[in-house]
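Written out below as structure tokens is the structure these notes cover.
The values are calculated or read from the model by the stated rules, or taken from the named source; none is laboratory data. What you are looking at is a predicted structure, and each value in this text was computed from that prediction instead of being measured. Backbone-built Cβ (ideal geometry, glycine too); neighbour counts: all protein chains shown. For the accessible areas, the whole protein counts, side chains as well, though only heavy atoms, and no ligand, DNA or RNA atoms are used. Shrake-Rupley method; radii C 1.70, N 1.55, O 1.52, S 1.80 Å.
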Amino acid sequence: MSVAVPVGIALLTACGGGADGDDKPAVPPTVSGTLEQLASKAHCEPDMQTDAEELRQANCTTGDGRYVLATFATDRGQREWINEANDYGGSYLVGRRWVAVGDADVVTALRGRLGGTVETASPHHSGSSGRGGSEEGHSGHHKS
């Protein structure tokens, strides 16, 4: 599969956190645009990691925390990337052909600037509990 799952996802997607229900920001309409345009709206100076036709991916660090921002050439490419990344668990802010991945509280803060839908995944690797793992042998996905 040509869709890469970033090695850093395991480090960035610790589960936990969350927003308190009293002062959640209003969710704006979901933004769209290039990786640079999305990063600007998220107040991030993107550190580009992948710059390919089908996938552009950057690391971002803001006052809210660290996250990965990725844009995709196709809807299918985006869904395949999310399905692969779900194996690592974590929180995902999903827009049209873009994803931001980070801790739940970071994703919640980003949603206040970028809109989008939050998806949460639980890690479900069998066997290995460490780093890496094969993308070839994984079976099944679930959406939250």
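Miscellaneous remarks
- When region 56-71 is filtered for residues that are buried (at least 17 other Cβ atoms within 10 Å of the Cβ), more than 12 Å from the chain's Cα centre (by Cα) and either among the acidic types (Asp, Glu) or within 20 Å of residue 117 (Cβ to Cβ) (or both), only 64 remains.
- Flag if residue 64 is closer than 11 Å to residue 100 by Cβ and acidic (Asp, Glu): yes
- For residue 104: the one exception among (1) farther than 18 Å from residue 121 by Cβ; (2) out of contact with any Phe, Trp or Tyr (no Cβ under 8 Å at 6 or more places or on another chain); (3) at pLDDT 90 or above; (4) not hydroxyl-bearing (Ser, Thr, Tyr): (1)
- Candidates 53, 36, filtered to the one that is in a loop (DSSP other than H, G, I, E, B) and either open to solvent by 30 Å² or more (accessible area, probe 1.4 Å) or touching a Gly at 6+ places or on another chain (Cβ under 8 Å) (or both): 53
- Considering region 102-124, the residues that are of a type in the set (Val, Ile, Thr) and under 15 Å from residue 43 (Cα atoms) include one that is nearest to the chain's Cα centre (by Cα), namely 107.
- Consider region 73-125 and keep the residues that are at negative phi and part of a loop (DSSP other than H, G, I, E, B). The one that is most open to solvent (accessible area, probe 1.4 Å) is 96.
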